[in-house]
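Take a look at the structure below.
No lab work stands behind these numbers, since they all come straight from the coordinates. Bear in mind the structure is a predicted one, so any value in this text is a computation, not a measurement. Cβ atoms come from the backbone with ideal geometry, glycine included; neighbour counts cover every protein chain shown.
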Amino acid sequence: MSTSTLTATTRPTTQRSSHVGWLILSLLTAITMAALMGAALLYAKPALNLAGDEQMAQRIFYIHIGSVIGCFVAFLMSLIGSIVYLNKRNLDWDRVAQASVEIGIVLGMSTTLAGSIWSKPTWNTYWTWDPRLTTTTITLLIYIAYLLFRNGIDNRYTRARFSSIYALFAFLSVPLTYYSARWFRSIHPIVFNGANPDAQGSFNIGETMSQTLWVATIGYCLLFSTLLIFRWRQLRLQDRIDALREEME
Amino acid sequence: MSVSLPASSPVEATAELGVVQPLATSPVIMHTGSGFGRYWRKVWLIMAKDLRIELRAKEILVVMIAFSALAVIIFGLAFDLRVPRATMVVPGVLWGILLFSGILGLNRSFSAEQDHQTLLALLLAPIDRTALYLGKFLANLLFMLLMAVVLLPMLLFIFDVNLFRFWILAAILLGSIGYVAVGTLFAALTASIRARESMMPILLLPVMAPVFMAGIKVAEQVLDGRDWTDFQNWLGMLVAFDLIFLTAAFLLFDLIWEEM
Amino acid sequence: MPPLIRIDNVHKRYAAKPILRGVTLAVAEGEVVALLGANGAGKSTLLRIIAGLMKPDRGEIVLGGVPVQKASVELRRYIGFVSHAPLLYEHLSGLENLTFFASLYDLQNSAARIEAVLQAVDLWRRRHDLVRTYSRGMQQRLAIARAIVHDPPVLLLDEPDTGLDQQSAQMLQSLLHQLSDKRRAILFSTHNLDRALTWSNSVAMLMRGTITYHAPTENVDRHALSQLESQTESAVGVEG
């Protein structure tokens, strides 16, 4: 009896050290993101060719770019997770795939939101059929479908297998969608308030700006990793609980 | 190589009424081994079986055509008198209807098999799973093209736009190939889950975005009177889509059936 | 003489629940084995694993000396499977169904064989009628016809007697008797003790994930067997 209470209160050392590892990672992420906020709002020099509201709004650019990089990394990770799962059949990789998709969707939405907040003062519109925006939106729909699909399958292994297959198709379609969206408007460029929303950028990238962009990239990748590990652990525990519940019935 | 399995030994039937007759001595000669010709013969068999069932049940094609007719009328009403020239909207209407009524056909592709468990019989048979995929793919493609053939005159009738132009038809063919390639696989994926009929379009339509965009652009530019060199990039996109996704579906189809 | 069907320490979990926990059974040529067990005991699962529709988590199935897992698609030629669902195309006629499946199995003189098989299940006269017009008993008979049209040495039947009328059940019994050839092994599951005893020449019971009883039918202690069965049913009753 006493031995069982002993094992119940002590955690195995491997668990403890991975916990510590994750805490360090979270701290690093928090620090980097805070640094990013500071850099984006204060450190980066304002865009010289813009003025007033537009100039202020331009600063969202760093969040916008950071999010989209994080989003891409997330979906890439979901592809890797799916492929490895289909090869090795280790459910941990399926959890990685699912967690990556979830985080990717959140980051994708924040990309769209940031872009939308930026475009209103700049181009006086919330939405354009800008190829990158179009691609992001369609990609988001695809991955939301991934989560809905998973939700509809009860058997754990079938769920992992089927959604991995779908994830491969999903990722394959993204580059095709991107190029299609890019060509879709190229013959008739729409001009809004004198600025072309299809343009790559309407200002020069200064040194403080590119440094801030680097901070953004690193920050969002760290954010993704932290969230991934956290969510992956959650999914693992969830599976354990489901399994125990089944056994009890 | 042919192997002749031993004939069943005839056993005297009992004299009771309604009891089984003896299994006569008819030797079974079964060719074993597979080969290129054998493979395609089975693909053909599966396709023919689906076509014959459709001829009798009339579940798929009739529904697709009825839906397209309704859709044409609805869109005709929607744009009537508001759109200066019908050629502005017809490409979009064409491809929108193709995508949505295609779903109806694809849904049935595996759902009937699932419901009557005939899928199990197919999985037990000595055929490659990919032959099953190709057989279904070809049958679905035929239904899709037949529906398109009925849709085009309807669009001509309501919108007064002639879509019977070579490159538009080519785009419809290429687009349908890609659509049915992915759709057949997704139909297999969703056949066994609940709410399968609503899940299919959610999975399929976003992935079809490149085909949708390409189809519309080709139709627009043909109607605008442009030369094919102007939209050859879109044709390339359709071909690339078809190749990539047919290959992917072909390779991954096997994985679906591991547990039945 | 090695057994035609050898099931070796097969384990299978479904979702998280272990269903088969080390099933070992050998079925020799000429044996007709009745597999008994309560609902949910895993009989269907076991039969599907033998047929190659599912993979066991552990253990292996060897048919005629060939391990199923390593076997190619060709091994399926030697297996016949009858489920309690008919697995038939209802919009095709009986003859069309059999012709289709015979072609899938690459049978050569299929017309003669199909006729023989249809006569044997007494459906020859109804061969041009669509399967949706058949009664349940007739559909099951056609399903059996389909399973034996390619004359497989391994015949698996998953509760084939469910929902059958008396006449069809008798036909099935007679068929099984005919088919219990020296060159064939038959394994059928049922939870009807009487049928198990009259149709088989060997009885096995699947209980709590393993084979807890296996004996030739003539040696079966009926009383002990029904006691065992009621034990499992009360144990399994909670799970449903």
Set the Förster distance to 25 Å, then compute FRET efficiency between A:L76 and A:V106 from the Cβ-Cβ distance, nearest 0.05.
0.95
Mean residue ellipticity at 222 nm from the helices of chain C, using -39,500 (n - 2.57) per DSSP H segment of n ≥ 4 over the full residue count, to the nearest 500 deg cm²/dmol?
-10500 deg cm²/dmol
How would you order A:76-89, C:186-199, C:81-94 from highest to lowest mean count of nearby Cβ atoms within 10 Å?
C:81-94, C:186-199, A:76-89
So if R0 is 56 Å, what FRET efficiency would C:E60 and B:L145 give, r being the distance between their Cβ atoms, rounded to the nearest 0.05?
0.75
Placing one identical point scatterer on every Cα of the stretch A:33-99 and ignoring solvent, what is log10 I(q)/I(0) from the Debye formula at q = 0.18, 0.25 Å⁻¹?
-0.71, -0.98
Let me know the mean shielding of C:108-120 by other chains, meaning the per-residue number of their Cβ atoms within 10 Å of its Cβ.
5
Please list C:205-218, B:42-55, C:107-120 highest first by mean number of surrounding beta-carbon atoms within 10 Å per residue.
C:107-120, B:42-55, C:205-218
Treat the count of other C-beta atoms within 10 Å as a stand-in for reagent exposure and order A:V73, C:V66, C:V27, A:V20 from fewest to most.
A:V20, C:V66, A:V73, C:V27
D (µm²/s, integer) via Stokes-Einstein for the stretch A:53-248, Kirkwood Rh across alpha-carbon pairs, 25 °C, 0.890 mPa s: value 134 µm²/s
Using θ = phi - 60° and the Karplus form 6.51 cos²θ - 1.76 cosθ + 1.60, what ³J(HN,Hα) does each residue of the stretch C:178-191 get, whole Hz, x for Gly and Pro?
4, 7, 6, 8, 4, 9, 10, 10, 10, 10, 10, 9, 7, 10
Among A:T134, A:V84, A:A181, the residue whose Cα sits farthest towards the positive end of the charge dipole of the stretch A:53-248 (+1 at Cβ of Lys and Arg, -1 at Cβ of Asp and Glu, taken about the Cα centre) is A:V84
Chain C: angle of helix C:110-120 to the longest principal axis, Cα-based, in degrees nearest 10
60 degrees
Which whole number gives the average count of other chain Cβ atoms within 10 Å of the Cβ atoms across peptide C:93-105?
4
Long-range amide H partners of C:R58, meaning residues 5 or more apart or on another chain whose placed amide H is closer than 5 Å, are C:H11
Once you charge only the Cβ atoms, +1 for Lys and Arg and -1 for Asp and Glu, what is the size of the charge dipole of chain B about its Cα centre, to the nearest 20 debye?
280 debye
How far apart, in nm, are the 7 Å Cα→Cβ label points at C:D165 and A:R89?
4.5 nm
Compute, for the protein assembly as shown, the length of the dipole vector about the Cα centre, with Cβ point charges of +1 (Lys, Arg) and -1 (Asp, Glu) only. Units Debye, rounded to 20.
1020 debye
To the nearest 500 deg cm²/dmol, what mean residue ellipticity at 222 nm is calculated for chain B from DSSP H runs of n ≥ 4 alone, each contributing -39,500 (n - 2.57), summed and divided by the residues?
-24500 deg cm²/dmol
Shielding by partners for B:197-209, please: the mean number of other protein chain Cβ atoms within 10 Å of each residue's Cβ.
6
Once phi is turned into ³J(HN,Hα) by the Karplus curve 6.51 cos²θ - 1.76 cosθ + 1.60 with θ = phi - 60°, what whole-Hz value does each residue of the stretch B:229-234 show in order, with x for glycine and proline?
5, 6, 10, 5, 5, 5
Charge dipole (the stretch B:185-260, unit charges on Cβ, about Cα centre) - positive-most of B:G225, B:M208, B:F253
B:M208
Give the long-range amide H neighbours of C:M207: residues separated by 5 or more places, or on another chain, with amide H under 5 Å away, using H modelled in the peptide plane at 1.01 Å from N.
C:T212
Please work out whether the protein assembly as shown counts as rounded, prolate or oblate from its C-alpha gyration tensor, where a ≥ b ≥ c are the square roots of the eigenvalues and a/c under 1.5 means rounded, while otherwise a/b larger than b/c means prolate and anything else oblate?
oblate
If you count, for each residue, the other Cβ atoms within 10 Å and average over each peptide, how do A:101-108, A:53-60 line up from highest to lowest?
A:101-108, A:53-60
Here the Kirkwood hydrodynamic radius of chain B, Cα-based and in Å, equals 20.8 Å
In debye, nearest 20, what is the charge dipole magnitude of the stretch A:53-248 about its Cα centre with +1 on Lys and Arg Cβ and -1 on Asp and Glu Cβ, if you could check?
460 debye
In this model, which of B:K42/C:K12; C:K70/C:K182; B:K42/B:K136; B:K136/C:K43; C:K17/C:K43; B:K49/C:K12 are farther than 23 Å apart at the alpha-carbon?
B:K42/C:K12; C:K70/C:K182; B:K136/C:K43; B:K49/C:K12
Rounded to 10°, Cα long-axis angle of helix C:136-148 versus longest principal axis of chain C:
90 degrees
Could you list which residues have their amide H under 5 Å from that of C:L130, counting only those 5 or more apart in sequence or on another chain, with H placed in the peptide plane?
none
Cα Rg, Dmax (largest Cα-Cα span) when computed across chain C, Å:
17.7, 52
Looking at B:F110, C:Y14, B:A240, which one has the Cα that reaches farthest to the positive end of the dipole of the protein assembly as shown (charges on Cβ: Lys, Arg +1; Asp, Glu -1)?
B:A240
